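Just below is one structure, and these are the notes that go with it.
What follows draws every value from the coordinates through simple rules; no lab data is involved. Since this is a predicted model, take the numbers as computed values, not measurements. All Cβ positions, even for glycine, are placed from backbone atoms using ideal geometry, and neighbour counts span all protein chains on display.
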Amino acid sequence: MQSREAIFEIIVRHTLEVLPALEGRSLQPSDSLRALGANSIDRADIIMMTLETLSLDVPLVDMAKAENMGELAGILHARV
């Protein structure tokens with residue numbers, strides 16, 4: 001089972017793939033994808049890539065409650 005921290009690192013990796021301008025920046029669990037410049041399509045891509053990496057089938061609407069990357073990791077951790 002993946003730890004919450006490992007899931008957060010997966011989210012960070014995919015965030016940097018989708019938003020390469022953030023390369024070199026230290027991303028924190030309290031960071032919001034929206035505040036980092038991710039539009040709705042970017043956010044959906046990051047979440048779908050993360051779900052694929054984790055081999056999870058979770059509706060995207062379930063992720064809508066997450067206010068930041070740490071909360072997103074927590075929601076996904078509960079589903080692993």
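Among residues other than Leu60 with Cβ under 14 Å from its Cβ, the summed charge is -2 (Lys and Arg +1, Asp and Glu -1).
Can you give the angle from 0 to 90° between the axis of helix 40-54 and the longest principal axis of the chain, with both taken from C-alpha atoms, to the nearest 10? Relative to the chain, helix 40-54 is tipped by roughly 50 degrees. Seen against the Cα atoms of the chain and their longest principal axis, helix 69-79 is set at about 20 degrees.
How much net charge surrounds Val12 when only the other residues with a Cβ under 12 Å from the Cβ of Val12 are counted, with Lys and Arg +1 and Asp and Glu -1?
-3
The value of relative contact order for the chain, using C-alpha pairs under 8 Å at least six residues apart, is 46 percent. Rounded to the nearest 0.05, the FRET efficiency derived from the C-beta distance between Ala35 and Asp57 at R0 = 30 Å is 0.60.
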